[in-house]
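Inspection log for the structure reproduced underneath, given as structure tokens.
The values are calculated or read from the model by the stated rules, or taken from the named source; none is laboratory data. Source: prediction; values computed, not measured. Cβ atoms come from the backbone with ideal geometry, glycine included; neighbour counts cover every protein chain shown.
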Amino acid sequence: MVDKPWWENVYRQAWPEFGNMVAVREDGWAQRAGIDRIVTLTTGKVIKIDEKVRRKDYGDILLEHMSSKEHGAPGWVNKPLDADYIAYAIEPTEKCYLLPVHELQRAWRKYEDTWRWDYGDVEALNPGYTTVSTPVPSQVLQKALTYVMVFSWNTKPQTAQRPTSHNAVGLRS
């Protein structure tokens, strides 16, 4: 999927200062840190991207929370990544969601229990391991990302609490 010609079009739309891009194909620290592509802007800024492609449109974004059920290995929504964005492309719709990694992971921590309850889990059998993901409707995820980017300086940080329902903030599909 790394060679799809539309990746450059997506990145040129996202960043008008697009300079060039390099695919990270070799196994190594960058691949293990969730980097599939490095985009360099003409300003010199470097953007690291983890690319995901869905071949069918289900109206959702699969959030992989376990990369190997058998080994208890965390998925990309749970583990530390060096990527700045998840580029989540859905081929039939010709759309790509650029999901900021830190905000996406913060939203997952906040809504994981509710989303897993509301939308269930999807298991994908691979040779020797099973990945587990939760299909979150794209509109619900977009609202959650917006919600987790707003802070109040009068609120104390909460580390372990999760809401019992996301309906209170209008995040139900």
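General remarks:
Let's see how each residue does on (1) of a type outside the set (Gly, Ala, Ser); (2) under 24 Å from Ile47 (Cα atoms):
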{"residue": "Ala83", "(1), (2)": "no, yes"}
{"residue": "Ala89", "(1), (2)": "no, yes"}
{"residue": "Lys95", "(1), (2)": "yes, yes"}
{"residue": "Leu99", "(1), (2)": "yes, yes"}
{"residue": "Ala107", "(1), (2)": "no, yes"}
{"residue": "Lys110", "(1), (2)": "yes, no"}
{"residue": "Asp118", "(1), (2)": "yes, no"}
{"residue": "Pro135", "(1), (2)": "yes, no"}
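- Close pairs from segment 139-154: first at negative phi and assigned to a helix (DSSP H, G or I), partner surrounded by fewer than 18 Cβ atoms within 10 Å (Cβ to Cβ) and modelled with pLDDT of 95 or more, Cβ under 7 Å, at least 6 apart: Leu145/Glu103
- Within segment 43-81, the set of residues being within 16 Å of Ala23 (Cβ to Cβ) and surrounded by 13 or more Cβ atoms within 10 Å (Cβ to Cβ) comprises Ile47, Lys48, Ile49, Asp50, Glu51, Lys52, Val53.
- Qualifying residue in segment 100-122 (condition: touching a Leu at 6+ places or on another chain (Cβ under 9 Å), within 17 Å of Glu51 (Cα to Cα), in contact (Cβ under 8 Å) with a residue 12 or more places away in the chain and in a strand (DSSP E or B)): yes
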